[in-house]
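Just below is one structure, and these are the notes that go with it.
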Amino acid sequence: MEHLQRILIFGNGGTGKTWLAREIGDILRRPAIHLDDLRWASGQYGVARDNQLVFDEVVEAGKAESWLMEGVYGWLANAVLHRVTSLIWIDLPEEDCVANIIARGIQGGGSEEDFQELIKWVREYRKRENSSTSYAGHEKLFEACAGSKVLLKSRSEVINHAEIIRAIAA
């Protein structure tokens, strides 16, 4: 189970990163670190915290013997990539991601306008350039990881991966 010591889950918005992190966290009895919770000011939708402060917090969390992180931010994932023992990239079709976002609805005090912007942003995953939150940025992150890694391309693969980890941890 050594490869499950430090797990990083990343992908586009709406892929199920948070769901998978919660499932794995329950299995391993480990809390998940949600990079969104570090990135954004608590209770203030869309207000980003200081980049250096957030980066430093991720670096500090990454020093722990074991952890589980999830998020879309490649620039934050890079802060701990050298410590990752298991990398999980969830790469679902954008239409699946958008459907998930619509199903979960507006969150965290966002407005309808914010919600529509999020949907547009998720749809542009493969088109965004020079972004650590894009497909290209995530692909670089995946390629750079020297540890165990898996690419999940469908909702059923995401669910099955949680079951595989459950079986390994049993």
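What follows draws every value from the coordinates through simple rules; no lab data is involved. Bear in mind the structure is a predicted one, so any value in this text is a computation, not a measurement. We place every Cβ from the backbone using ideal geometry, glycine too, and count neighbours over all the protein chains shown.
Quote the FRET efficiency, to the nearest 0.05, computed for residue 104 versus residue 136 with a Förster distance R0 of 22 Å and r equal to the Cβ-Cβ distance. Efficiency, from the Cβ-Cβ distance: 0.25.
Could you list 55, 10, 142 in order of exposure, starting from the residue whose Cβ has the fewest other Cβ atoms within 10 Å?
55, 142, 10
Computed across the chain, the Kirkwood radius stands at 16.3 Å (inverse of mean 1/r, all Cα pairs). Within the straight-line cut-off of under 14 Å between alpha carbons, the aspartates and glutamates reachable from residue 153 are 91, 94, 95, 96, 139, sequence neighbours fewer than 8 places apart in one chain being disregarded. Length gained on full extension, residue 155 to residue 42: 37.7 nm, using 0.36 nm per residue less the C-alpha separation.
Protection proxy ranking, highest mean first, for peptides 61-70, 147-156: 61-70, 147-156, where packing is the per-residue count of other beta-carbon atoms within 10 Å, averaged. Under 28 Å between alpha carbons, and skipping anything fewer than 8 positions from residue 63 in its own chain: which lysines qualify? Answer for residue 63, where 28 Å is the Cα cut-off: 17, 140, 149, listed by chain and number.
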